[in-house]
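We did not get these values from a lab; they are worked out from the coordinates using the rules stated. This structure is a prediction, so every number in the text was calculated from the model and none was measured. Cβ atoms come from the backbone with ideal geometry, glycine included; neighbour counts cover every protein chain shown.
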Amino acid sequence: MESVIGTIWVCVDCMLMEANGECDPDRPADLAEPLSAIDGGYRVTLGMSSEAHDGECPVRIEGDHNAAECDCERIEFSQGWCEGCGTALAGSRHAMTLWGPDA
């Protein structure tokens with residue numbers, strides 16, 4: 001069985017790799033591969049769990065995962081490290097749920 005470990009924040013390339021199996025073909029070659037920081041015993045899924053959304057978010061209150069007014073799963077600009085590949089390039093960050101084996 002797997003359980004939710006928590007939310008991680010990833011760059012656009014990591015998000016696209018999970019969503020489409022590919023990322024920007026012009027990504028600089030000296031950057032780590034998208035999602036390479038995720039250990040083999042763990043996996044990720046796009047978005048975050050309902051409980052991780054803000055208290056006032058329609059996703060958390062109503063369980064509506066298609067709520068247009070939800071901005072919880074995106075940070076428009078971040079200078080923080082990508083938790084999927086470790087890049088320090090500034091830009092948007094997208095929420096992903098990290099899953100791991102039950103203890």
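For the reader, a short list of remarks on this structure follows.
- Computed over the chain, the percent of Cα pairs more than 15 Å apart is 63.
- Projecting the Cα atoms of PRO101, LEU16, TRP81 onto the charge dipole of segment 2-101, computed from C-beta unit charges around the Cα centre, puts PRO101 farthest toward the positive end.
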